[in-house]
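Notes follow the structure.
The values are calculated or read from the model by the stated rules, or taken from the named source; none is laboratory data. Computed from a prediction, not measured in an experiment: that's the story for all the values here. Please note: Cβ atoms are built from the backbone with ideal geometry, for glycine as well, and neighbour counts cover all protein chains shown.
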Amino acid sequence: MIIVQDKLVSDDVVEQQFICNLSACKGACCWEGDFGAPLEKDELPVLEALLEKVKPFLSPAGIAAIETQGPYQWFEGMQEHGTTLIDGGPCAYMTYDALGIAQCGIEMAWKAGEISFQKPISCHLYPIRIAKYEHFDSEALNYDRWDICSAACALGEKEQVPVYRFLKDAIIRKYGEAFYEELDGAAKFLQEQNGK
């Protein structure tokens, strides 16, 4: 475990290799699993506010699910809010490109310049998942292993790109440049200590 500022960072975040391989997995993390993407409290009103601008980028099924259930749901199993699901399956914000690869409708609206919110930070940070310790006012960054990401692990190993480096932009978006630089320094120190 590494401590960066006041955050606990799992060794796996700096030691494991990872590069998303969408041509292999087709973005399965957007439709697999039992819960929507975790949402932070300050993201809930954001999703409500941008909904009308995002709708043109969503599928009819996604729009119907959001209109019925709202822009987010409470999931008992993970004890937090998450993105709305279509019939308990795919994320309501997911759509497909011409190659059948899942895309985020929120991110598509952002790329089109319609909104300033890129996508939920939990999606941007994946496969890092944040565990919150409110009693200690701290957070832990953990590497979430999922078999659907095996191609991403293989590509990461081939290119020798650690999880944290693959997620540089997302980590900076969440915690800032100084945090990333400290994490990078700690990772390099560990590599030297381990003789890698």
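In the range 144-163, which residue that is modelled with pLDDT of 95 or more and in contact with a Phe, Trp or Tyr (Cβ under 8 Å, 6 or more places away or on another chain) is surrounded by the most Cβ atoms within 10 Å (Cβ to Cβ)?
So the residue we want is V163.
I need the full set of residues from the range 60-80 which are surrounded by fewer than 21 Cβ atoms within 10 Å (Cβ to Cβ), touching a residue at least 40 places away in the same chain (Cβ under 8 Å) and in contact with a strand residue (DSSP E or B) (Cβ under 9 Å, 6 or more places away or on another chain), in order please.
Residues satisfying the conditions are F75, M78, E80.
Under 6 Å between Cβ atoms, at least 6 apart or on separate chains: pull out the pairs that start in the range 1-26 with a residue that is over 30 Å from Y96 (Cα atoms) and end on any residue that is part of a loop (DSSP other than H, G, I, E, B) and not acidic (D, E).
The qualifying pairs are L8/M1.
Got a number for residues in the range 99-143 being charged (D, E, K, R), surrounded by 14 or more Cβ atoms within 10 Å (Cβ to Cβ) and outside any loop (DSSP other than H, G, I, E, B)?
Count: 3.
Taking E182, is it closer than 18 Å to A24 by Cα and in contact (Cβ under 8 Å) with a residue 40 or more places away in the chain?
When the stated conditions are applied, E182 does not pass them.
Only residues that are touching a Ser or Thr at 6+ places or on another chain (Cβ under 8 Å) and exposed (fewer than 15 other Cβ atoms within 10 Å of the Cβ): list them for the range 1-49, please.
M1, D6
Could you list, in sequence order, the residues of the range 95-143 that are more than 24 Å from L50 (Cα to Cα) and charged (D, E, K, R)?
Within the range 95-143, R129, K132, E134, D137, E139 meet the criteria.
Here are C20, C91: which of them is modelled with pLDDT of 95 or more and in contact with a Gly (Cβ under 9 Å, 6 or more places away or on another chain)?
That would be C91, the only listed residue that is modelled with pLDDT of 95 or more and in contact with a Gly (Cβ under 9 Å, 6 or more places away or on another chain).
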